[in-house]
Amino acid sequence: MNKRGQFYLIAAVVIIAIIIGFVTVSNYSKENVEYTTIYGLEEGLEIESAKVLDYGIYNGLDEVNLTNLLRGFTEAYAEYAELEKVFFIFGNSENITVAGYSELEEEILVDLGGETPSVLKFEKKAYTREEFAGEEIEITRVIITLQGIEYVFDLKPGENFYFILVVNLKGEQYVVTNQND
C-alpha cells in the first residue's frame, strides 16, 4: 500500500516537470523568434532598398520623383516592419543624402567632418530628407548622432547605402545598422 502511494507521487512529479518544461521551452521560443526577426530586417532592407534605388536611377527619375519614391518606400517599410524610426544615408564623397521616418519628433546630428554638425529635424510620423554637398571638403565619413549615440559610416568609392533601424519591442529599444566596424 505504501509503495503504491509513492508511485503516484513520483508519477505526479514527473508529469508536472514535463508540463513546466513544455511551457518554458514554448515561452523561450516565442521570445527568441521576435529578437531574431529584428536582425533579419537588415538583410531584407538591404535587398529591397537597393532595388528601389536602382529602379529610380535606371528610370532616370528627377529629384522630386526620386524623393517621392523613397518617401513611399520608407513609410511602407517602417509600417510593414513596425519600426519606430528608420534612417537612410546614401550617396558618395561629393553628395550625401540623409533621409528617414520617425514615429515621434526626433533630432539627429549629421557630421560630415566640417566645423559643426548639421541638425536634421524629423516631425512626428513624417518623412524627412536632406541633401549635403561636400563643397569645401571631400566627404569620407558620415557620423549620425541619435539619442547621444554616434553611428559612424565610412564612405567607400562609388555609391554607398547605409541605414539605422530602431525597433521598440516589449519596452526595450533595439537598433540595427549596417555601419562599418
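Observations on the structure shown:
- Reachable lysines, given that their alpha-carbon falls under 26 Å from the alpha-carbon of Lys85 and they are not under 8 places away in the same chain: Lys30, Lys51, Lys121, Lys124, Lys125, Lys156, Lys170
- Estimated 222 nm signal from helices in the chain, with DSSP H stretches of n ≥ 4 weighted -39500 (n - 2.57), rounded to 500: -15000 deg cm²/dmol
- Sparse-neighbourhood loop sites, GluC sites (Glu not before Pro) in segment 91-170 - DSSP loop, at most 13 other Cβ within 10 angstrom: Glu94, Glu105, Glu115, Glu123, Glu135, Glu136, Glu138, Glu159
- Longest site-free stretch - the chain; sites: trypsin sites (Lys or Arg not before Pro), DSSP loop, at most 13 other Cβ within 10 Å: 1-123
- In Hz, Karplus ³J(HN,Hα) per residue of segment 5-13 (6.51, -1.76, 1.60; θ = phi - 60°; x = Gly, Pro): x, 5, 4, 5, 5, 5, 4, 5, 5
- Centre separation in Å (Cα based) which lies between segment 138-181 and segment 68-119: 10 Å
- Prolate/oblate/rounded label for the chain (Cα gyration tensor, a/c 1.5): prolate
- Backbone phi angles across segment 142-156, fed through the Karplus curve with coefficients 6.51, -1.76 and 1.60 (θ = phi - 60°), yield HN-Hα couplings of 10, 10, 9, 10, 10, 6, x, 10, 8, 10, 9, 10, 7, 7, 9 Hz in residue order; Gly and Pro are listed as x.
A short reminder: the numbers here are calculations on the coordinates, not readings from a lab. Quick caveat: nothing in here was measured; it's all calculated off a predicted structure. Cβ coordinates were reconstructed from backbone atoms using ideal geometry, including for glycine residues, and neighbour counts include every protein chain displayed.
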